[in-house]
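To start, the structure under review is shown below, and the notes come after it.
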Amino acid sequence: MKIAGFTIIRNAIKYDYPVVEAINSILILCDEFYVGVGKSDDDTRKLISSINSEKIKIIDTIWDDNLRQGGAVLAIETNKVFDAIPNDFDWCFYIQSDECVHENDLNKIKENMSLYKDDQSIDGLLFEYKHFYGQYYYIGIGSGWYKNEIRIVRNNKKIRSYKDAQGFRMINDHKLRVKKTGAFIYHYGWVKPPSAQQAKQNSFHKMWHNDKWIKNNIPDKKDYDYGNADLLEKYNGTHPAVFETRIKNAQWNFIYDKRKVKINIKYKIIFLIEKLSGWRIGENKNYKL
C-alpha cells in the first residue's frame, strides 16, 4: 500500500500557519509528501525545505489573485498538487496547513486505509473534527462548525477539490462514497496571536470578495477581536505532540464570556437537539456515508 500526503501553502510565516506541524503529524504514514508552495512574500519555501525528510516533494506554483469568488483558487491549487501525485499511489492524504492529526489516531487511520484499499466502492475516508478557537483550551461546539470532512481520497484523478477546498467531489459533482475512520482532525485555523489572525483575515477574504466588500466588512485594526465567538466549551484533552512548542509559546490572552454570545431561539433549539441526540438539523454533508 502506497500513501502520498499533500497540501498547499503560501505565506506561512507571514500569517503564522502551522504547516510544518501539519505535515509532520502525518508524514510517518506517507511514502512521499507533495507540497504546493505558492509564490510568497516570505520564506515559506525555505521553511518547507527545512523539513528533514526525503519524502518532501515541493511543487512551485503561482496563485491567481484575480480569482476572488468562493475561495476557488484554493481548490485549483489543491488540484494542481493532487494531479502531480504519481498513479502508483493507492491513497492520497490531504491535510490543510492549519490542521493536524493526533499521534494516537495514526494506527487507526492506517488500518482503515489497509482495510478499504481494494474496495473500489469506497472513494475516500472521513474524519471527525475538533475546531479550536481563540486559544488551545477552547473548542467550538456550535452548528457553525462542520463536524466531518473527507481527508483521504483514492488516487483517482476524477476526484476534485470542492469549492474552497473544504472537501472533495467527483468531477461530475457527485458526492464521494466514504467510510468513517473514527479519527479526528485538529483544526487550529482560529488559534493565532490576534495580530496574525487579523492579518490573515485581511488577506484570506480577498479569495472570496472584492475590495469594496472587504473595506465595508473587515475592520481596519491591528488585532483580531476574538470576542465574536460562537458557542465554545473548555477542552481538557491532549493535543498532538507536534504542537507542544506552539502551545507553550501561546502567550496572548483570550477570555470567553458565554453571556456575550449572541444566538437566537432557533439556534438554541437546534443546538439542544444536537446535544441530546447527536443529530444536527440541516447539516450539509459533503459525502455519502
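Every number in this text was worked out from the coordinates using simple rules, so none of it is lab data. Owing to the predicted nature of the structure, the values given are computational and were not obtained by experimental measurement. Virtual Cβ from ideal backbone geometry, glycine too; neighbours counted across all protein chains shown.
Judged by the mean number of other Cβ atoms found within 10 Å, the most tightly packed of the peptides 170-176, 152-158 leads the ranking 152-158, 170-176. The residue list 11, 26, 89 was ranked by how far each Cα lies along the charge dipole of the range 1-128 toward its positive end, using unit charges on Cβ atoms, and 11 comes out on top. Near the amide H of residue 146, within less than 5 Å, lie no amide hydrogens of residues on another chain or at least 5 residues away, with H placed in the peptide plane.
Can you compute the FRET efficiency between residue 251 and residue 58 using 1/(1 + (r/R0)^6), with r the Cβ-Cβ distance and R0 = 45 Å? Round to the nearest 0.05.
Values: r = 32 Å, r/R0 = 0.71.
That gives a FRET efficiency of 0.90.
Per-residue ellipticity at 222 nm computed for the chain from its helices equals -7000 deg cm²/dmol, with DSSP H segments shorter than 4 residues left out and the rest contributing -39,500 (n - 2.57). Using the Cβ atoms and a cut-off under 12 Å, what net charge is assigned to the surroundings of residue 233, where Lys and Arg are +1 and Asp and Glu are -1? For residues surrounding residue 233, the net value is +3.
Compactness of the chain is given as radius of gyration and Dmax, 18.8, 54 Å, from Cα positions.
Here the residues 213, 63, ranked from fewest to most Cβ neighbours within 10 Å of their Cβ, fall in the order 213, 63.
Residue pairs exceeding 19 angstrom between C-alpha atoms, taken from 200/285; 192/262; 192/248: 200/285; 192/262. Once you reduce the range 76-147 and the range 217-289 to the center of their Cα atoms, the two points are 20 Å from each other. For the range 29-148, the alpha carbon positions stretch 41, 40, 31 Å along the principal axes, listed from largest to smallest. The value obtained for the range 111-238, namely the Cα convex hull volume divided by the number of residues, is 138 Å³ per residue.
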